[in-house]
Amino acid sequence: MAELDHRLLAVLHGCGERPEVAAAARALSWSGEHGALWLAAGLATAAVDRERRAAWLRGTALTAGAHLASMGVKRLVRRPRPARLRPRVRTAGAHSFPSSHATSAVAAAVAYGALRPTGTRLAAPLAAAMCVSRLVVGVHYPSDVAAGAALGGLLARLGTGWMTRPLLRAAPAAVPSPVRLKGRHHD
């Protein structure tokens, strides 16, 4: 498995020799740092889609939660980033498993896709491009990206029921009736 990881990484990193490919991969990597692209997309859509605002906010929360979960796994596993090639971007940390970019990208694609507005048709291809970008810039092994994608997809899928559930509305407060004392009449 390790040999396959190294071979696939070398091939995809090699695609970054083309300046336009490297630039696109760097832009995707930068925009996906800490899930920023996906969180901004969820919040922006919540702001304009009043009817489903609560669902968009929950989807954004699911995406953030998936990202945080991947960071926790990363701290436990502590797999070093690829060392055989020169990365094309700086990274926020030294550990690579799982890819947090892949986790948040796939979590957003699944969560936002569950709402099915027209604009989310872009989420899945953009998430796939984000995942591949991590290999092109040379900061993850393919298994890091696959694990991150699986984690993000699983967590978002588990949360879509909560995300799309209608908000419970509080019952109106009962107005207390006046207290009447026995034996006394009030005029």
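The values are calculated or read from the model by the stated rules, or taken from the named source; none is laboratory data. All figures in this text were calculated on a predicted structure; none of them were measured in a lab. Cβ coordinates were reconstructed from backbone atoms using ideal geometry, including for glycine residues, and neighbour counts include every protein chain displayed. For the accessible areas, the whole protein counts, side chains as well, though only heavy atoms, and no ligand, DNA or RNA atoms are used. Shrake-Rupley method; radii C 1.70, N 1.55, O 1.52, S 1.80 Å.
Here T91 meets each of (1) under 20 Å from L68 (Cα atoms); (2) modelled with pLDDT of 85 or more; (3) among the β-branched types (V, I, T) with one exception, condition (2). Contact map, the stretch 150-179: residues that are closer than 26 Å to A102 by Cα and among the aromatic types (F, W, Y) paired with residues that are modelled with pLDDT of 65 or more and surrounded by 15 or more Cβ atoms within 10 Å (Cβ to Cβ), Cβ distance under 9 Å, separation 6+ or inter-chain. Pairs shown: W162/R58; W162/L62. The residue that is most open to solvent (accessible area, probe 1.4 Å), among those in the stretch 102-131 that are at pLDDT below 90, among the hydrophobic types (A, V, I, L, M, F, W, C) and out of contact with any Ser or Thr (no Cβ under 6 Å at 6 or more places or on another chain), is L122. What's the number of the condition L85 fails, among (1) part of a helix (DSSP H, G or I); (2) over 26 Å from R165 (Cα atoms); (3) of a type in the set (A, V, I, L, M, F, W, C)? Unmet condition: (1).
Among residues of the stretch 52-81 that are more than 14 Å from A41 (Cβ to Cβ), those with a Cβ under 8 angstrom from a residue that is of a type in the set (D, E, K, R) and modelled with pLDDT under 95, sequence gap 6+ or separate chain, pair up as R79/D144. Checked against the criterion of being open to solvent by less than 30 Å² (accessible area, probe 1.4 Å), in contact with a Cys (Cβ under 9 Å, 6 or more places away or on another chain) and of a type in the set (A, V, I, L, M, F, W, C), the stretch 38-50 contains not a single residue that satisfies it. Evaluated against (1) open to solvent by 30 Å² or more (accessible area, probe 1.4 Å); (2) part of a helix (DSSP H, G or I), S29 falls short on exactly one condition, (1). Restricted to the stretch 62-73, and to residues there that are of a type in the set (A, V, I, L, M, F, W, C) and within 14 Å of V106 (Cα to Cα), the residue that is surrounded by the fewest Cβ atoms within 10 Å (Cβ to Cβ) is L68.
Is one or more of the residues making up the stretch 59-80 over 23 Å from A156 (Cα atoms), at pLDDT 85 or above and out of contact with any strand residue (DSSP E or B) (no Cβ under 9 Å at 6 or more places or on another chain)? Within the stretch 59-80, not a single residue is over 23 Å from A156 (Cα atoms), at pLDDT 85 or above and out of contact with any strand residue (DSSP E or B) (no Cβ under 9 Å at 6 or more places or on another chain).
Residues in the stretch 6-15: is at least one without any contact (Cβ under 8 Å) to a residue 24 or more places away in the chain and surrounded by fewer than 13 Cβ atoms within 10 Å (Cβ to Cβ)? Yes, the stretch 6-15 has at least one match. Among the residues of the stretch 82-101, the ones that are open to solvent by 60 Å² or more (accessible area, probe 1.4 Å) and in contact (Cβ under 8 Å) with a residue 24 or more places away in the chain come to 4 in all.
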